[in-house]
Amino acid sequence: MENQNEYSQVAVTKEQLVSWPRVAAVSIMVAFSLPTFITGIEVYQGLTVSDTVWALMIGSIILTVIGGVMGAIGAKTRLSSYLLVRLAFGDRGAGIVNLAFALSLIGWFGVNIDLFSSAVSRLALDILGISIPDWPIEVVAGVCMTITTIFGFKAINLLASLMVPVLVVVTAMMFWSAHSQLSLSGFLSLDKTATMNLSEAVSAIVGAIIIGAIILPDITRFTKHWTGGVYTAFWAYMVVELLVLLVAAFAAAAIGQTEILDLMLALGLGFGAFVIVIAGSWLLNSLNLYSTVLSVQATWPKVTGRLYTCLFGIAGIVAAFFDILDFFITFLSFLAAIFVPVSGIIIVDFLFVRREFYQLSSLDKNVTFSPSAFIAWLLGAVIAVFSESEFIPALTSITVLDAVLISGAAYALLCKFLPAPIINEQGEA
């Protein structure tokens, strides 16, 4: 994954552009990963049926709006999300932000390998009667995901294009099997007690998926027109992701199982469960590693992308092998809250403050540091962390949405008093 192939330091060229459905296939396939099914089940467990449907719809709308705008910016500029961070925060300022991105993404890479190995080990025992330790699965899976990432976006796109139809069929089988146990009208009339409120559920949905929406420019920059970014977000979050969440919730109600593997086995999916676990996790982690490398190369470009990919892949495998990521999830959630406000700043900067600045040539004369962006980022991050800890009241009751709105508004106001960085001929602020 060298610079010239994956455009970590430059804009995507016209020769590399593809139609938006091919790009959308990558984002859509992520919707079929284990975390999405688990989120749907957990939301159903905590809410009444009517509130479950509302929470899933509201969460999907929020993700579609944020992902659609970020995706459109990526498609319009042809730049990765990490180059967009450099434009908004300055060269050195972006180093701090992109490091947070890299730590979070490589962390989730390890977490998903851990989740993947446990699922495959369980399915192998229940379906094939074979007992396999977790560690060899973690090694093989990590190596395969790393190799896919080395070949770059084209390999990830090919994997998604081949597997999306298969995963659609398997998910349809899950719905049909559940429907044989419970009708839709029966599902909607179920009487159950809620253990969380609607806003908490929406926060859980958005928080679990928001990272993918923020870094959507990493793949939408390959679309031919900016509208491709909007279409990608719509089909990924408003259609497919929503349907997968609903199917997971419906299946949990029909079978009475709250653990995803037990649920899939009870529905008789068998090898279909293997397909969901392997294909979904494979693509999700390849994208995690792909974006990790882009984030680091955007700030520290001297090391080749392939070397970064191998090093980060090994780091994720080692972390999963020693199970240290069981204690890392809280830290990863904290990091997510920290960099979610970045999207608010980029969106406001591009749409209302310095749209003409968002082009590749600006990077050659970019400022070192943007005080307005950093103050707004810190404010949004503090709001996100303290709202999630319930130390301060939430503005919308959805932590990540508060972070995006407050950081964006703060940046717009700060630019009135601290002028946004404008470059001059010598590249100085």
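Here is how the numbers come out for the structure above:
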| item | result |
| --- | --- |
| Criterion (surrounded by fewer than 23 Cβ atoms within 10 Å (Cβ to Cβ), over 22 Å from residue 112 (Cβ atoms) and in contact with a helix residue (DSSP H, G or I) (Cβ under 6 Å, 6 or more places away or on another chain)) met by exactly one of 9, 16 | 9 |
| In the stretch 188-237, the residues that are within 22 Å of residue 84 (Cα to Cα), among the charged types (D, E, K, R) and surrounded by fewer than 16 Cβ atoms within 10 Å (Cβ to Cβ) | 224 |
| Among (1) touching a Leu at 6+ places or on another chain (Cβ under 7 Å); (2) of a type outside the set (S, T, N, Q); (3) over 23 Å from residue 343 (Cβ atoms), the one test that residue 237 misses | (3) |
| Every pair of residues 6+ apart whose Cβ atoms lie under 6 Å, when the first sits in the stretch 10-33 and is in contact (Cβ under 8 Å) with a residue 40 or more places away in the chain while the second is of a type in the set (Asp, Glu) and assigned to a helix (DSSP H, G or I) | 31/241 |
| Lone qualifier among 374, 369 - being in a loop (DSSP other than H, G, I, E, B), at pLDDT 85 or above and not polar (S, T, N, Q) | 369 |
| Inter-residue pairs, beta-carbon under 7 Å, first without any contact (Cβ under 8 Å) to a residue 60 or more places away in the chain and in the stretch 131-148, second in a helix (DSSP H, G or I) and buried (at least 21 other Cβ atoms within 10 Å of the Cβ), 6+ apart | 134/117; 137/117; 137/120 |
| Odd one out for residue 225, checked against (1) of a type outside the set (Val, Ile, Thr); (2) within 24 Å of residue 72 (Cα to Cα); (3) out of contact with any Ser or Thr (no Cβ under 7 Å at 6 or more places or on another chain); (4) assigned to a helix (DSSP H, G or I) | (4) |
| Subset of the stretch 315-330 that is at pLDDT 80 or above and crowded, with 19+ Cβ neighbours inside 10 Å - its residue that is farthest from residue 121 (Cα to Cα) | 316 |
| Of the criteria (1) farther than 23 Å from residue 53 by Cα; (2) in a helix (DSSP H, G or I); (3) out of contact with any helix residue (DSSP H, G or I) (no Cβ under 7 Å at 6 or more places or on another chain); (4) not small (Gly, Ala, Ser), which one residue 284 fails | (3) |
| Matching entry among 213, 172 (being under 29 Å from residue 292 (Cα atoms) and either in a helix (DSSP H, G or I) or under 20 Å from the mean Cα position of the chain (by Cα) (or both)) | 213 |
| Residues (over 13 Å from residue 210 (Cα atoms) and surrounded by 24 or more Cβ atoms within 10 Å (Cβ to Cβ)) located in the stretch 19-38 | 23, 24, 25, 26, 29, 32, 33, 37 |
| Residue check, residue 250 in contact with a Phe, Trp or Tyr (Cβ under 7 Å, 6 or more places away or on another chain) and part of a helix (DSSP H, G or I) | yes |
| Condition check for residue 74: assigned to a helix (DSSP H, G or I) and either surrounded by fewer than 24 Cβ atoms within 10 Å (Cβ to Cβ) or without any contact (Cβ under 8 Å) to a residue 24 or more places away in the chain (or both) | no |
| Selected residue [surrounded by 21 or more Cβ atoms within 10 Å (Cβ to Cβ), of a type in the set (Ser, Thr, Tyr), assigned to a helix (DSSP H, G or I) and under 16 Å from the mean Cα position of the chain (by Cα)] from 44, 82 | 82 |
| The stretch 189-208, residues that are part of a helix (DSSP H, G or I) and out of contact with any Pro (no Cβ under 8 Å at 6 or more places or on another chain) | 198, 199, 200, 201, 202, 203, 204, 205, 206, 207 |
| Candidate set from the stretch 253-266 (those that are over 18 Å from residue 120 (Cβ atoms) and not in a helix (DSSP H, G or I)); member that is modelled with the highest pLDDT | 256 |
| Only one of 265, 294 that is buried (at least 24 other Cβ atoms within 10 Å of the Cβ) and either free of Cβ contacts under 8 Å to residues at least 60 places away in the same chain or touching an Asp or Glu at 6+ places or on another chain (Cβ under 7 Å) (or both) | 294 |
| Where a residue in the stretch 48-59 is surrounded by 18 or more Cβ atoms within 10 Å (Cβ to Cβ) and its partner, wherever it lies, is of a type outside the set (A, V, I, L, M, F, W, C) and in a helix (DSSP H, G or I), with Cβ under 8 Å and at least six apart | 52/44; 56/40 |
| Only one of 142, 107, 186 that is under 23 Å from residue 236 (Cβ atoms) and either within 19 Å of the chain's Cα centre (by Cα) or in a helix (DSSP H, G or I) (or both) | 107 |
| Meets criteria (over 17 Å from residue 96 (Cα atoms), surrounded by 15 or more Cβ atoms within 10 Å (Cβ to Cβ) and either among the aromatic types (Phe, Trp, Tyr) or modelled with pLDDT of 85 or more (or both)) for residue 347 | yes |
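The values are calculated or read from the model by the stated rules, or taken from the named source; none is laboratory data. All values derive from a computational prediction rather than experimental measurement. As a convention, Cβ positions derive from the backbone with ideal geometry for all residues, glycine included, and neighbour counts pool all protein chains shown.
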